[in-house]
Amino acid sequence: MLSKERIKSIILVLLIVNCLQLAGQIWFNKKLWPTGYNFFALNFSYLNNVFSKLPFDRFSTTINSTVKPQQIVINGGNAREVYYPGQKQYVDTYKTVSDACIAFLKHEDLRGNVISIDEWKSMLKGKSIYLNYGYSMDFEVFASSFTESSSVFSNTGAVSAVAISGDNVTNETIICLYDKTSATVTKHLIGGNGERLLKYIESVTFGKSHNKSFSFELFWDLEQENAPVKRNILIDSFVLLPMESENTNIITAENPLENEGIVFDRIVNALGYTPSSLRKSISVENITSYVENSATIKIDPIGIIEYNAVDAQNGIPFQNGKDGIYNIITKVLEIAERVYHDVGIVYMPELFVSSDLITQKSGNLEITMNYSFNAKPIILYHNNSQKPFDAISAQVEDGYLKSFKMFLRTFDIGEEKITLIPAIRAIDLLAKHFDKKTQVVVEDVFKCYCVNQDDTTIAWGIKTDDVQDGLIIIDANN
């Protein structure tokens, strides 16, 4: 048996090793060395590689942290709370709904009854927990985000949002799945824990206010009958509109590829290629290209890394044959995180899915993801570009990665604060962007950071069904 002193010594050594590893990650991630002291810049990639090989959370960004609701709304009837990723309340509530969803997915029969949209609205106005994902996904992806196994994956519909409640009389848990594509809601009843869920909702919303409303509660999703002037801006029924203004810190953004000592060959390694086996060239625009007969890798110092295969079979193999969406996203994230590690960034910025996760009939899949900071999406521009850049975009065909593009950035909290106008005011200003004769449907309204090189601000992002202007940014200066 080990003596007490020996046990203390072992614990002390482990604590010291852990402290050194964490200090090293912070040191290299924040570049905490004197300006112009090139030893660290030149040896950065090597030293960071040593630290990153230690068995401490190698891949910190997993699909479980990416395929999650962008918003959790707790409806208490007379009060409403809204939580976002990163908040402790979000984590606590997500654990509660996870237990309910896991029980549902392990149920013998996943079939449910289709209910009306009016019944769905009544559920959101009553005591319930609403999970707004912000995109639609195959039922398989939804199920895989909670559990690796379920009784049946026979549900063929997509999932865009989920509402969970309980029945005081039968003690059943009520789970409703909303498919935005088909505008259908499927209701499922699971035995047990209904009363417990209702008590949780009551405890969270007790004494809270009701300062956020769904569009359908304000009747902004409908045409006004007999109105003298036709309303040209309609808002999707299930968009949640905050009524208050907000004072928020802006963020700062940096381009990791501008750091001295970054070796582009390491990025090529992260993509699974050997740099010495590729033809390397540098264009007049300072873009470094690595070329082989079947694929090209381009690295632009502004922060863009782009991979393209001539055809899918010559792309990066994920699996022989077709792979599930959940596994595909995991592998895309692993590539992205390897790239960040190999340019000297220990922790990749937060990411969220920004495209539907629905397999096409051909079996192909296109994925886009974007960065977020403090649970707010980041809209990336460069040189005042007309359209924003995605943080990650990938195209997968038959189990092969055919194309992959990243816009590398790191973010930190800034000192300046900006007061963001209320969402209602932003909707009023939106009308300026469209002809009064054109009717536009607002599909989402969200707070976001806008980053254009060194210029950052806080703004409202308004997603519309307009083909030309799908995303409108309304900032504090409007």
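Points to keep in mind about this one:
- Total residues in the range 74-91, condition outside any strand (DSSP E or B) and under 20 Å from the mean Cα position of the chain (by Cα): 8
- Remark: pairs (first residue in the range 246-264, within 11 Å of Asp454 (Cβ to Cβ); second residue of a type in the set (A, V, I, L, M) and at pLDDT 95 or above; Cβ separation under 7 Å; 6+ apart in sequence or on different chains) = Asn255/Leu408.
- Count of residues meeting criterion [in a strand (DSSP E or B) and of a type in the set (Lys, Arg)] in the range 422-460: 1
- Top-ranked residue of the range 196-211 - restricted to ones that are outside any loop (DSSP other than H, G, I, E, B) and either among the polar types (S, T, N, Q) or at pLDDT below 90 (or both), ranked as nearest to Val73 (Cα to Cα): Thr205
- Residues of the range 416-427 include at least one that is among the acidic types (Asp, Glu), surrounded by fewer than 21 Cβ atoms within 10 Å (Cβ to Cβ) and touching a strand residue (DSSP E or B) at 6+ places or on another chain (Cβ under 7 Å).
- Condition met for Ile267 (under 24 Å from the mean Cα position of the chain (by Cα), on the phi < 0 side of the Ramachandran plot, in a strand (DSSP E or B) and not aromatic (Phe, Trp, Tyr)): no
- Qualifying positions in the range 249-264 - assigned to a loop (DSSP other than H, G, I, E, B) and at pLDDT 90 or above: Asn255
- Flag for Ile413 being surrounded by 15 or more Cβ atoms within 10 Å (Cβ to Cβ) and either among the aliphatic types (A, V, I, L, M) or not assigned by TED's automatic domain parsing to the domain that holds Phe264 (or both): no
- Test: residue in the range 107-121 that is outside the structural domain of Glu350 (by TED's automatic domain parsing), of a type in the set (Val, Ile, Thr) and in a helix (DSSP H, G or I): yes
- Options Leu189, Leu177: the member that is surrounded by fewer than 17 Cβ atoms within 10 Å (Cβ to Cβ), outside any helix (DSSP H, G or I), on the phi < 0 side of the Ramachandran plot and hydrophobic (A, V, I, L, M, F, W, C): Leu189
- Strands (runs of 3 or more DSSP E) contained entirely in the range 343-407, each with at least 2 residues that are in contact with a Ser or Thr (Cβ under 6 Å, 6 or more places away or on another chain) and in the same structural domain as Ile267 (by TED's automatic domain parsing): 350-353, 365-373, 392-397
- Residue in the range 30-51 that is at pLDDT 50 or above and in contact with an Asp or Glu (Cβ under 7 Å, 6 or more places away or on another chain) present: no
- Residue check, Val159 free of Cβ contacts under 8 Å to residues at least 40 places away in the same chain, of a type in the set (A, V, I, L, M, F, W, C) and surrounded by 21 or more Cβ atoms within 10 Å (Cβ to Cβ): yes
The values are calculated or read from the model by the stated rules, or taken from the named source; none is laboratory data. All figures in this text were calculated on a predicted structure; none of them were measured in a lab. All Cβ positions, even for glycine, are placed from backbone atoms using ideal geometry, and neighbour counts span all protein chains on display.
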